[in-house]
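The values are calculated or read from the model by the stated rules, or taken from the named source; none is laboratory data. Being a predicted model, the structure only gives us computed values, none of them experimental. Heads up, the Cβs are rebuilt from the backbone with ideal geometry, glycines too, and the neighbour counts pull from every protein chain shown.
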Amino acid sequence: MPDLLIELFSEEIPARMQARAAEDLKKRVTDGLVEAGLTYAGAAAFSTPRRLTLAIEGMQAESPALREERKGPRVDAPEKAIQGFLRGAGVALDDLEQRDTPKGAVYFAVIEKPGRPAAEIIAEVLETTIRNFPWPKSMRWGSGTLRWVRPLHSILCILTDEAGTTTVPMTLDGLAAGDSTEGHRFMAPGRFPVTSFEDYEAKLKRAHVMLNPAERADHIWADATNLAFAAGLEVVEDKGLLAEVAGLVEWPVTLMGQIDDDFLDLPPEVLQTSMREHQKFFSVRNPATGRIERFITVANRETADQGATILAGNQKVLSARLADAKFFWENDLRVARSDMAVWTQSLENVTFHNKLGSQGDRIRRISALARELAPSVGADADQAGLAAELAKADLSSEMVYEFPELQGLMGRYYIEAAGHPAEIAAVAQEHYSPLGPSDDVPTAPLSVAVALADKLDMLTGFWAIDEKPTGSKDPFALRRAALGVVRLILTKGLKLGLVDLIELHLDGVFEACTAALRKEEGAVAIARASVKMIDGRQVDQKTMDLLAFIHDRLKVYLRDQGIRHDIIDACIAMAGNDDLNLLVKRARALNDVLATEDGENLLQGFKRANNILSQAEDKDGVEYSYGADVKFAEDDSEKALFAALDAAKAEIDPALAAQDFPTAMAAMAGLRAPIDAFFENVQVNTDNQTVRRNRLNLLSQIRSICSSVADLTRVEG
């Protein structure tokens with residue numbers, strides 16, 4: 001069984017595209033081979049800046065011969081039906097066989113497809129793969145029609161078996177497949193032939209090319225940490241940068257350089273970001289002081305002077321970059337220490353959204369909402385309002401304009417420099433969190449208040465103007481904002497009524513919408529949606545839609561913790577579902593109870609009771625909820641159920657009032673045995689109508705008591 005080796009050799013492929021391209025090459029080629037009937041034992045894809053490589057082991061030498069029988073129409077069928085069958089099968093009438101069947105004589109076509117050599121199939125599959133390769137961006141060069149990410153120079157495509165190595169015959173836009181490749185551009189120019197993947201990989205390494213990107217990354221990290229350790233320092237871990245740098249070099253040579261003393265007092269995050277974004281340098285930190293003091297760069301070649309010239313050039317360029325950063329830092333500090341209002345005022349001229357006003361409008365809304373939230377999170381209202389007013393001021397700073405990823409962090413430095421307390425400064429950095437399901441959640445009361453206000457303003461604002469996520473599109477990251485609200489509330493155990501908060505904030509949002517729209521000629525004013533009555537109060541339909549969206553994010557969050565969506569739905573159906581902390585306590589208690597044998601059997605008993613009761617109410621046209629009387633009970637199990645329901649209600653009602661859901665759920669689960677005994681010994685729909693009505697009213701009590709804990713009709717199973 002032969003092995004296949006493919007290499008597509010080109011000009012430099014952008015590092016960010018290499019890993020995906022290698023996987024695309026592997027998937028498209030192997031899928032094409034299997035579809036054509038060629039199976040294989042294993043496949044591996046590799047990438048360097050100048051090549052995509054695919055190695056396939058244990059492939060069939062040819063596709064198997066196929067014999068297929070197709071049953072056609074009856075011999076006396078209309079001519080059109082027979083001709084259609086002939087076209088579909090690709091045969092002539094003389095090739096058909098007539099066979100007797102219980103339905104009469106029928107035409108059969110026997111189609112035989114001979115096997116094809118692997119080389120022939122590979123050539124077709126590889127050409128299709130190259131011509132239809134899914135590069136994010138591609139280019140055309142010369143006079144050909146071929147498109148590739150960068151000009152494609154050569155194609156290596158060989159089959160290796162016990163008899164030796166053969167080149168797969170194929171030509172693509174004048175490029176003929178061969179059995180040779182090139183090594184390192186500078187250290188080993190010139191082509192050389194290869195006979196197998198092992199030969200290919202070994203010769204590449206001798207030609208100063210590490211084929212495997214994981215090997216290059218490991219080599220870079222090991223050398224970098226060793227260099228730093230020898231100087232008593234440590235490399236700041238950056239997996240994203242490591243993967244990117246491994247895609248920039250074929251023969252990594254790690255060098256450590258100095259940062260000029262003039263820049264060592266810059267915030268470490270500024271140094272790290274500037275070096276990472278502009279130069280692709282790793283930061284090297286002094287563990288004793290936390291300062292970034294040196295950098296690691298990765299060259300693509302060895303030099304006679306051990307990289308001294310490369311380092312000198314890199315240090316010169318880095319000094320120019322850091323001089324800019326220092327200029328921004330010192331200018332920003334002067335503004336922060338004199339009057340940060342300059343920055344906040346400039347945000348009045350920055351549009352947040354054409355229907356929601358400026359960044360200044362948004363900051364005022366967040367500040368007002370943070371004041372409302374402050375008592376619930378244990379923060380001072382005035383401090384929360386001030387922290388919200390300052391939290392986004394750094395968006396106007398020169399440093400954040402140059403490095404947007406430093407927003408918030410620089411705000412923390414600037415607010416402290418302006419003389420504000422550290423807890424207010426921390427809000428600037430922490431109020432953006434959490435940014436995802438695994439991001440840290442702020443815990444400081446001021447940060448929680450402003451973070452919640454920030455996310456609720458985003459959600460309320462875009463719901464007010466009907467800019468909601470659709471399918472996979474979420475341009476304003478509203479799903480992330482909703483998940484942030486969920487995690488903030490649950491992590492801090494906050495007792496918040498989201499409906500009241502959203503309703504209160506909607507007024508300010510509609511006001512901002514109206515003001516923004518006045519500036520647009522012919523714009524249509526935004527008004528509140530239809531009003532619904534919820535728990536005895538009028539609530540805007542937009543509020544209910546937004547609450548449902550937050551509940552959806554809650555389901556995703558709790559599903560990852562092992563709580564099923566139907567259990568959450570059973571709790572969402574209860575009153576007070578806008579208190580997420582209360583809702584989750586109920587859901588966790590219900591989940592725990594239903595995981596027990598008593599809970600599972602009680603659920604079946606409840607569903608049986610509910611089904612019998614619902615059918616009787618539909619049939620009789622009445623509602624059986626007028627109270628059952630024990631004096632009409634005929635069976636001991638019936639009397640026992642009356643007593644059990646009274647005892648359970650006496651325990652459940654105060655437990656629910658105290659929000660002690662485990663106790664309430666346990667009391668409900670305790671009904672399992674008396675309900676089971678009742679159904680085992682008693683016929684509900686008896687001929688005695690008085691007894692029947694009493695028993696149906698008893699079932700109504702079961703439904704009422706269980707439904708006071710959760711809507712069990714929504715639980716599956």
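If the condition is being without any contact (Cβ under 8 Å) to a residue 60 or more places away in the chain, more than 30 Å from SER10 (Cβ to Cβ) and charged (D, E, K, R), then the range 248-285 contributes ASP261, ASP265, ARG285. For the range 173-218, a residue qualifies if it is without any contact (Cβ under 8 Å) to a residue 60 or more places away in the chain, surrounded by 18 or more Cβ atoms within 10 Å (Cβ to Cβ) and touching a Lys or Arg at 6+ places or on another chain (Cβ under 8 Å), and exactly one does: GLY183. Could you check, for the range 380-402, whether at least one of its residues is over 18 Å from ALA341 (Cα atoms), in the same structural domain as GLY484 (by TED's automatic domain parsing), surrounded by fewer than 24 Cβ atoms within 10 Å (Cβ to Cβ) and at pLDDT 95 or above? Yes: one or more hits. Scanning the range 286-333 for residues that are charged (D, E, K, R), free of Cβ contacts under 8 Å to residues at least 60 places away in the same chain and part of a loop (DSSP other than H, G, I, E, B) turns up ARG291, ASP305. Being crowded, with 18+ Cβ neighbours inside 10 Å and closer than 30 Å to GLY183 by Cβ is a condition met by at least one residue of the range 281-290. Restricting the search to strands (runs of 3 or more DSSP E) fully inside the range 57-165 and requiring at least 3 residues that are within 51 Å of the chain's Cα centre (by Cα), over 30 Å from PRO14 (Cα atoms) and modelled with pLDDT of 85 or more gives an empty result. Among the residues in the range 15-32, are any more than 32 Å from the chain's Cα centre (by Cα), in contact (Cβ under 8 Å) with a residue 12 or more places away in the chain and not assigned by TED's automatic domain parsing to the domain that holds TRP251? No, that holds for no residue.
Scanning the range 100-116 for residues that are surrounded by 14 or more Cβ atoms within 10 Å (Cβ to Cβ) and not small (Gly, Ala, Ser) yields VAL106, TYR107, PHE108, ARG116. The conditions of being of a type in the set (A, V, I, L, M), in the same structural domain as LEU446 (by TED's automatic domain parsing) and loosely packed, with under 15 Cβ neighbours inside 10 Å are met by ALA515.
May I ask you to verify whether ALA368 is in a helix (DSSP H, G or I) and either more than 24 Å from ALA515 (Cβ to Cβ) or outside the structural domain of ALA512 (by TED's automatic domain parsing) (or both)? In short, no.
Among all positions in the range 482-489, there is no residue which is touching a helix residue (DSSP H, G or I) at 6+ places or on another chain (Cβ under 9 Å), of a type outside the set (D, E, K, R), at pLDDT 95 or above and under 27 Å from PHE328 (Cα atoms).
Consider the range 576-622 and keep the residues that are surrounded by 14 or more Cβ atoms within 10 Å (Cβ to Cβ) and acidic (Asp, Glu). The one that is farthest from the chain's Cα centre (by Cα) is GLU617. Within the range 615-636, being over 20 Å from PHE678 (Cα atoms) and among the β-branched types (Val, Ile, Thr) holds for one residue alone: VAL622. Against the definition (on the phi < 0 side of the Ramachandran plot, of a type in the set (Asp, Glu), at pLDDT below 95 and under 33 Å from the mean Cα position of the chain (by Cα)), how does GLU35 come out, yes or no? In short, yes.
If you filter the range 587-602 down to residues that are among the small types (Gly, Ala, Ser) and assigned to a helix (DSSP H, G or I), you find that the one that is nearest to ILE675 (Cα to Cα) is GLY599.
For the range 633-645, the count of residues that are assigned to a helix (DSSP H, G or I), closer than 26 Å to ILE502 by Cα and of a type in the set (A, V, I, L, M) is zero. Residue under question is SER447, and the condition is that it be in the same structural domain as ILE572 (by TED's automatic domain parsing) and at pLDDT below 90; does it hold? For SER447, the condition - in the same structural domain as ILE572 (by TED's automatic domain parsing) and at pLDDT below 90 - is not met.
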